[in-house]
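One structure is given below, encoded as structure tokens.
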Amino acid sequence: MNSKLSMSRRRFIAKSPMAAVALTGSSTKIGQSPIPEPDYSIPQSGFHGKDENSRNWSGDTRSGKVIFVAHCILNQNARIVDAADFPAMFDPLVDFLQREQVGVIQLTCPELYCLGLGRREVRVGLEHSAGMQRLQRLIDDFMFTLHEYLFQGFEVVGILGKNGSPSCGVTRTWLDNRQQDGQGVFIRELKNRLLKEQLDIPVFGVADHKQEDAIKWLSERL
Ligand code: SF4
């Protein structure tokens, strides 16, 4: 095992007190403990982590680190017509995350999910009550996944939006037919939910041709 991975695993165990207890204090053998019933109910918070479902994640080689990224960082085919900047992915950023052994969770593309691939008026569509309803459902699903990783002691490195987008822009967005400072609709709603649930997860906006800024930002955190 290389030193970077073993270091990240140590950090992972340290951040997961219940996992550490399971490592050192449990004498239960596999097959002896009853398997808890799954809880299929999803409360409003989107979180149904129960103590008996807390597991020990240190028994394999996983890094224990994850990051959420805007869908088109990994799949340019989701972009609105004529707006793909690369054939498939943000290669330098993806290469960096692979080197750093961070698991990448691809967010659903909010525009595709709410308005389809052939979408046209993005902001109007997302701000419409029907669009907003779908957007909130998407955010519910995201929150569920986020809560699960946090509950189980994983390190959530952050969320990468896509600067310049009317949906996923973090500090720059498309509004009134031009690029300007501001947030996209999806990121605005997502950050509102994080605030409401008092979750301090850093959000950074990656611009297509400024991936080195995101790599620098991440380097300071990993
Ligand atoms: S910026 Fe967001 S909404 Fe636009 S294509 Fe990428 S993931 Fe989809």
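The values are calculated or read from the model by the stated rules, or taken from the named source; none is laboratory data. What you are looking at is a predicted structure, and each value in this text was computed from that prediction instead of being measured. Ideal geometry is used to build each Cβ from the backbone, glycine not excepted, and the neighbour counts take in all protein chains shown.
Here are the numbers for the structure shown:
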{"quantity": "Test result for A88, modelled with pLDDT of 95 or more and part of a helix (DSSP H, G or I)", "calculated": "no"}
{"quantity": "I187 vs. criteria under 23 Å from G49 (Cβ atoms), modelled with pLDDT of 95 or more and either within 16 Å of the ligand (Cβ to nearest atom) or under 19 Å from the mean Cα position of the chain (by Cα) (or both)", "calculated": "no"}
{"quantity": "Looking only at segment 70-98, and only at residues there that are near the ligand (Cβ under 9 Å from one of its atoms) and touching a residue at least 24 places away in the same chain (Cβ under 8 Å), the one that is surrounded by the fewest Cβ atoms within 10 Å (Cβ to Cβ)", "calculated": "N75"}
{"quantity": "Candidate set from segment 104-118 (those that are assigned to a loop (DSSP other than H, G, I, E, B) and near the ligand (Cβ under 9 Å from one of its atoms)); member that is surrounded by the fewest Cβ atoms within 10 Å (Cβ to Cβ)", "calculated": "T108"}
{"quantity": "Verdict on R172 being farther than 26 Å from R62 by Cβ, charged (D, E, K, R) and surrounded by fewer than 19 Cβ atoms within 10 Å (Cβ to Cβ)", "calculated": "no"}
{"quantity": "In segment 36-63, residue modelled with the highest pLDDT [restricted to those that are polar (S, T, N, Q) and under 26 Å from L138 (Cα atoms)]", "calculated": "S54"}
{"quantity": "Pair list, Cβ under 9 Å, 6 or more apart: segment 103-122 residue among the basic types (K, R), other residue near the ligand (Cβ under 9 Å from one of its atoms)", "calculated": "R119/I80; R119/E111; R119/L112; R120/I80"}
{"quantity": "Extreme residue, nearest to L138 (Cα to Cα), among residues of segment 152-201 that are aromatic (F, W, Y) and not in a loop (DSSP other than H, G, I, E, B)", "calculated": "F186"}
{"quantity": "Yes/no for D200 being out of contact with any Asp or Glu (no Cβ under 8 Å at 6 or more places or on another chain) and within 24 Å of G103 (Cα to Cα)", "calculated": "yes"}
